[in-house]
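Worksheet for the structure shown next.
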Amino acid sequence: MTSHDKFFQRRQAAAVLKHGILRRYSIVFASKTGFTSKGGRVVYLDGFAGPGRYAPEEGSAEGVEGSPLLAMRTAERVEGWRRQLQCIFVERDPVYAANLRETLAAEAPESMTYEVLQGDVSEHLEHALTTAGDSPLFAFLDPFGTGLPYADLAGRLLARPTPFPTEVLLNFNLEAVRRIGGLLTGDVTDAPDTGREASLRRIDEFLGDDWWRQKFRAARSAAADPQRAAAWAAEEVVREFCGRVTVDTGYQTFLVPIRRQPHHAPLFMMILFYRHRDAPYAFNEAVSGANKEWRYFHHELNLHEQQASVEPDLFGGTLVPEMLIADNMRAEKEAERGWIIDIIANIRGLVAERDAVDVRDHTAGIFGGTLGLARGMHLRAAWDHLAEENLVQPRESGKLEKQVIRRT
């Protein structure tokens, strides 16, 4: 069984965060951009759709929804706001494509407009762009291994005319770059020559050229921790990749690491390519909510593992779970307090340099190291604290992202 098959057999922990982000942000994109098109039409492209559902896990009667069913939920949600989400699902594997057609035929509402296309996303990209026309387009690219070639990403998908709202959420496979990069540094020695060259060329095509080879070698050699050297090198490659996309297309990027466990090195990097100044704040809100959901998912896993490994206690087996839940709640509160302290320090630094700080234009600077973890509620607490110190003017009522932090 391939890694592709195994992934679809079970809902891996990384999918909790990935799908949490997608579920939240696709709704934001559709609701915010739909007013620009006739009838509120928004086009959603899932370039590596997979099946409709994961196979049921042990103890479950029904498989967990895959990304196409998340899109279906989005379509149902935004319909109430006079938005029409038209979905294009592309899946290379004919078995998965058939599964997806069957699942959607059974579960999609009659009002939902969608099509399932079997084949490579590059083959169907022109059709997707033509279908989108001048409507907003949100593309989700979640490949196994390398994804859409750079020429298609930068030269076609992100080359839509500026007036047409377009954003791309790419799940960048760091593990694939790390593994294939090992062919360059001697970490991987058992690959046949023909397979080696094909793998390297595949990464070249995905990243736009062979520039990444020297970048990977240099970062691998310079890494302070030999145990994390390959992972660090892959992260350096993705940062350079994002910079090149920005230079070539004008799109900015927002990066979110996806880990199997909280303390592990990232396996993937979720990257949002965007132009609109509202995107960073809105995406950060989505990521923060998904991150919280992901942390609780791991807390639940740890709780079940602990319950399975201990003997029943005098309190009917409830003492250990209650202690673990309390510990997790304390850890969450402590983390949130730390985020607020960090945001306070970030705002102090920003207002020391300027009289006014627009929240939308300075989202990254305001959140700093808490980006993707903290969100609006933590910014409010930090802002209120600084207003009490009379360092900044009190915030106004209304949407936080539309406001400006002004030095007193």
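Observations
- Correct option for semi-axes √(5λ) of the Cα gyration tensor in Å [calculated from the coordinates] among [x] 29, 28, 24; [y] 28, 24, 22; [z] 32, 29, 26: [z]
- Charge context of R73, other residues only, Cβ under 14 angstrom, K/R +1, D/E -1: 0
- Helix runs (DSSP H) in the chain reaching 20 Å along axis by Cα, Kyte-Doolittle at least -0.5: 13-33, 229-249, 319-353
- A352-R196 pseudo-label distance in nm [points 7 Å out on the Cα-to-Cβ vector]: 5.2 nm
- Residues of the stretch 286-304 with amide N under 15 Å of the 7 Å Cα→Cβ point at K399: 286
- The GluC sites (Glu not before Pro) of the stretch 51-131 meeting both criteria, a DSSP state outside H, G, I, E and B (loop) and at most 10 other C-beta atoms within 10 angstrom of the site's C-beta, are E58, E62, E110.
- Annotation for the stretch 103-159 versus the stretch 232-300: alpha-carbon center distance of 21 Å.
- Size of charge dipole - the chain - debye, nearest 20, with Cβ of Lys, Arg +1 and Asp, Glu -1, no other charges: 1120 debye
- Net length available on complete extension from E389 to A223 is 55.5 nm, with 0.36 nm assigned per residue and the Cα-Cα distance removed.
- Fraction of beta bridges assigned by DSSP in the chain that are antiparallel (%, nearest 5): 45 percent
- For the chain, the solvent-accessible area with a 1.4 angstrom probe is 48 square angstrom per residue.
The values are calculated or read from the model by the stated rules, or taken from the named source; none is laboratory data. The shown structure was predicted, so the numbers you read here are calculated from the model rather than taken from an experiment. Cβ: placed from backbone, ideal geometry, glycine included. Neighbour counts: every protein chain shown. Ligands, DNA and RNA are excluded from the accessible area calculation, which covers all protein heavy atoms including side chains. Shrake-Rupley method; radii C 1.70, N 1.55, O 1.52, S 1.80 Å.
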